[in-house]
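**Q** Pasting in a structure now, in structure tokens, and then I'll have a few things to ask.
The values are calculated or read from the model by the stated rules, or taken from the named source; none is laboratory data. Please read all numbers here as calculations on a predicted model, not as lab measurements. Cβ placement follows ideal geometry from the backbone for every residue including glycine, while neighbour counts extend to all protein chains displayed.
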Amino acid sequence: MKKFYWLKCCFKFFIFLYIIPFSLEAQTEKDFYNIGLQKSSIGKCREAVEYYTKALEEKGFILDAFFERGYCYLNIGENDSAIEDFDTVLKHDTEFVDAYFYRAKAFSGKGFIDDAISDYSESIRLDSSHVESYIGRAVLKMQSGNKSNAVEDFTKAIELGHTNSNVYFLRGKLQLSLENIDNALEDFSLAIKQDSLHFEAYKERGFIYHLLDSCELAINDLSKAIDEELEDHRLYLYRAECYADTENYEKAIDDYTVLINNYRQRNEVRYFQRALAYFNAKKYNLAVSDLTRVVTHNRENDVAYIYRSLAYEALGRDTLALNDFNEVLRINPDKALAYKKRGIMKFKRGDMEQSFEDLNMALEIEPSAKAYYYRGLIYIQKDEISKARDNFKKAAEMGYEEAEQKLEFLL
């Protein structure tokens, strides 16, 4: 009895090995097509292609099988095969909207931009509400430089109810490139409204706020993009400039340091920008260090010499400050500030003759209250009271309070 049972089991196993495969092979083209659909629905497009092909081998021609196989070829990056299948579909049905749409994608994947735009346009002609075709065509027009028409296509997609954040974002980028700043700002804001985590939109909106000198808003948006670790040196540059404009010099220094160290922007401009932040933060030694780097890069940078001389002056290193004022005037003999500062320093050193010459030059180039005041002091020492009074009067008219006190004393 046990032996018979064993033979029965062997027979069932034989049936499983030979009969079941035979039944699979006996499937119809409809069965293969349906299995292909199932495979495609779960993302197994390569397997789906095999079943669609079996269905076509069984039947010879099934319009939907060619279309679905073309769609799967597109998804696995085999654009040539996709185009071939969509061609077959469109030969038999010239109004198959989705065949035009997906063939456009395949053409785009091959870099055939004109053919892709033509297919998107055909799908739009057949279905004026085909949103994805407007978007696809807009992206290609954007890439080919046809910016105004691209804006129109994105706008049409939005009017048809497609309010995806990326559509607003891409239209914003186009508006920005067309210098429609207000429209771009609105689109980036709409993108963020649709997706509060759209950090590329924060970045672009931050750039616009920086351009518009809306520094507080710019800092907020740029910081969101930086916190998300977006890689773009302009994020730090524009935020640093905004921090400096809002007198948050310590944070400006931090951002300039990131640019210098992390982005290797060890150049005259970055060192100068950080030097100004150090100077305004009253970190004069560090300002001198960066300004020295600047003039090492460019010995003709008169503005760097001016700030370094002012930093030296603040540190009480008058000799070095005078040397830098001399360098400024070597580079730019018409720099009134250098004459004024050098004249005042020489006055404090008791060199009245050289001080008088410098103050005269400063006032000839660009009158200032402080220069008038110090020249008035020299006239007192020369015992030319009338001229001293005239200088103090001009300084007082320009708002210099100490000059007013001198005038009262002289009167």
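**Q** Output the residue which, of all residues in the stretch 56-94 that are of a type in the set (D, E) and surrounded by fewer than 18 Cβ atoms within 10 Å (Cβ to Cβ), is nearest to I113 (Cα to Cα).
**A** Here is the first cut: in the stretch 56-94, the ones of a type in the set (D, E) are 57-58, 64, 68, 78, 80, 84-85, 87, 93.
From what is left, the residues that are surrounded by fewer than 18 Cβ atoms within 10 Å (Cβ to Cβ) are 57-58, 64, 80, 84, 87, 93.
On the way: E57: 33, E58: 36, D64: 26, D80: 15, E84: 17, D87: 17, D93: 23 Å.
Per the stated criteria, the residue is D80.
**Q** State yes or no: is G145 outside the structural domain of K203 (by TED's automatic domain parsing), out of contact with any strand residue (DSSP E or B) (no Cβ under 6 Å at 6 or more places or on another chain) and surrounded by fewer than 15 Cβ atoms within 10 Å (Cβ to Cβ)?
**A** So G145 fits the description; yes.
**Q** Further question: I'd like to check something: does the stretch 257-276 contain any residue that is within 16 Å of the chain's Cα centre (by Cα) and of a type in the set (D, E, K, R)?
**A** From the stretch 257-276, those within 16 Å of the chain's Cα centre (by Cα) are 259, 263; that's our starting set.
Next, only the ones that are of a type in the set (D, E, K, R) stay: none.
No, every residue in the stretch 257-276 fails to be within 16 Å of the chain's Cα centre (by Cα) and of a type in the set (D, E, K, R).
**Q** Restrict the check to the stretch 259-277 and report whether at least one residue is of a type in the set (A, V, I, L, M) and more than 16 Å from Y238 (Cα to Cα).
**A** yes
**Q** Residues in the stretch 278-295: is at least one within 27 Å of N360 (Cβ to Cβ) and crowded, with 21+ Cβ neighbours inside 10 Å?
**A** There is no residue in the stretch 278-295 that is within 27 Å of N360 (Cβ to Cβ) and crowded, with 21+ Cβ neighbours inside 10 Å.
**Q** How many residues are farther than 18 Å from V139 by Cα and outside any helix (DSSP H, G or I) if we restrict to the stretch 172-217?
**A** 9
**Q** Inside the stretch 212-251, can you point out the residues that are free of Cβ contacts under 8 Å to residues at least 24 places away in the same chain and under 17 Å from S196 (Cβ atoms)?
**A** L217, N220, D221, L222, S223, I226, D227
**Q** Additional query: Just the residues that are assigned to a loop (DSSP other than H, G, I, E, B) and either of a type in the set (A, V, I, L, M, F, W, C) or closer than 22 Å to M345 by Cβ (or both), please, taken from the stretch 365-411.
**A** Across the stretch 365-411, the qualifying residues are E366, P367, S368, K382, M398, Y400, L411.
**Q** Let me ask something else. Just to be sure, is Y51 under 16 Å from G136 (Cα atoms), crowded, with 23+ Cβ neighbours inside 10 Å and not hydrophobic (A, V, I, L, M, F, W, C)?
**A** Details: under 16 Å from G136 (Cα atoms): no; crowded, with 23+ Cβ neighbours inside 10 Å: yes; not hydrophobic (A, V, I, L, M, F, W, C): yes.
The answer is no for Y51.
**Q** Output the number of the condition that R330 fails; it satisfies all remaining conditions of (1) in contact with a helix residue (DSSP H, G or I) (Cβ under 6 Å, 6 or more places away or on another chain); (2) within 30 Å of K370 (Cα to Cα); (3) charged (D, E, K, R).
**A** (1)
**Q** Moving to a separate point now. Quickly run through the stretch 126-140 and pick out the residues that are out of contact with any Ser or Thr (no Cβ under 6 Å at 6 or more places or on another chain) and either hydroxyl-bearing (S, T, Y) or within 22 Å of G172 (Cα to Cα) (or both).
**A** S128, S129, V131, E132, Y134, I135, G136, R137, A138, V139, L140
**Q** Which residue pairs have Cβ atoms under 6 Å apart, sit 6 or more places apart or on different chains, and have a first residue in the stretch 153-168 that is surrounded by 14 or more Cβ atoms within 10 Å (Cβ to Cβ) and a second that is among the basic types (K, R)?
**A** So the pair list comes out as D153/R137; F154/R171.
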